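*Asks:* A single structure is presented below for examination.
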Amino acid sequence: MSSTSGDRTRSRAPSDAGVGTAMVVGGVGKGHAKTECACGKEGKHFSETALSTTFPSTPEKVYNLMFNSGWLKEFMSEDQKLKGESSFDAVLIRDIEQSDWKPSEETKNLTRGTSYIKPLNGSIGPKQTKCHIIDEQIHCDYDDYIVMLTTTRTPDVPSGGVFSVKTKTCLMWAGGSSTKVLVTTQVDWTGKSWVKGLSCVLI
Ligand SMILES: [Zn+2]
């Protein structure tokens, strides 16, 4: 997905994974009307756009590819390997554990937890961190649009306990039989432990 990904990563793009071809051929002139996610209409996307693109496939197929197949995990590992260049610490993401989808007790939305160990390339600080990811299905209507909220926590990096990275993935019909994929992100400072520490100092 990034511009540095190179040919090996591009070969794993959804359009090459046997997903969209039939839809494109059969979809001319009778495709689905364009749709727009509610968060888009209400201006509730996150501040940074990580990805905005269109795939020649349906939202359902893109969703399944991104969230219910091994493709993304493989993509992340391959991408990591490419970034590692020839250095000795070119370690792949490893120890991936993933739960099944189940309804959240709070929101009733389907959620899933994933954790893995990710190597870090910084000259200072830890050489790796555990990553905890929660995927939550905010809205899922294959005929309209799909919104997924992903929260990533990295407890082993400095101040890792007080922030998380929120990522919103919105899939909607882009006209014809294609799907617009919009991924927006922002850092969320939960700050609980920091605020707690500060209040101790002030009191
Ligand atoms: Zn949206």
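Laboratory data are not the source of any read-out in this text; all were calculated from the coordinates shown. What you are looking at is a predicted structure, and each value in this text was computed from that prediction instead of being measured. Cβ coordinates were reconstructed from backbone atoms using ideal geometry, including for glycine residues, and neighbour counts include every protein chain displayed.
*Asks:* Between Asn121 and Lys41, what length comes free when the chain is fully extended (0.36 nm per residue of separation minus the Cα-Cα distance, one decimal in nm)?
*Replies:* 25.0 nm
*Asks:* If we count every other residue with Cβ under 10 angstrom of Phe67's Cβ, Lys/Arg +1 and Asp/Glu -1, where does the sum land? Intermediate values should be presented prior to the final figure.
*Replies:* Working: positive: Arg112; negative: Asp135.
Taking every Cβ under 10 Å from that of Phe67, the sum is 0.
*Asks:* For the pairs Lys41/Lys127; Lys118/Lys180; Lys41/Lys118; Lys44/Lys127; Lys61/Lys118; Lys61/Lys130, note any where the Cα-Cα span goes beyond 32 Å. Walk me through the intermediate numbers first.
*Replies:* Working: Lys41/Lys127 41 Å; Lys118/Lys180 29 Å; Lys41/Lys118 35 Å; Lys44/Lys127 35 Å; Lys61/Lys118 28 Å; Lys61/Lys130 30 Å.
Pairs exceeding the cut-off: Lys41/Lys127; Lys41/Lys118; Lys44/Lys127.
*Asks:* Counting only other residues whose beta carbon sits under 11 Å from that of Asn109, what net charge do I get with K and R as +1, D and E as -1? Walk me through the numbers on the way to the answer.
*Replies:* Numbers: positive: Lys102, Lys108, Arg112; negative: Glu105, Glu106, Asp135, Glu136.
Taking every Cβ under 11 Å from that of Asn109, the sum is -1.
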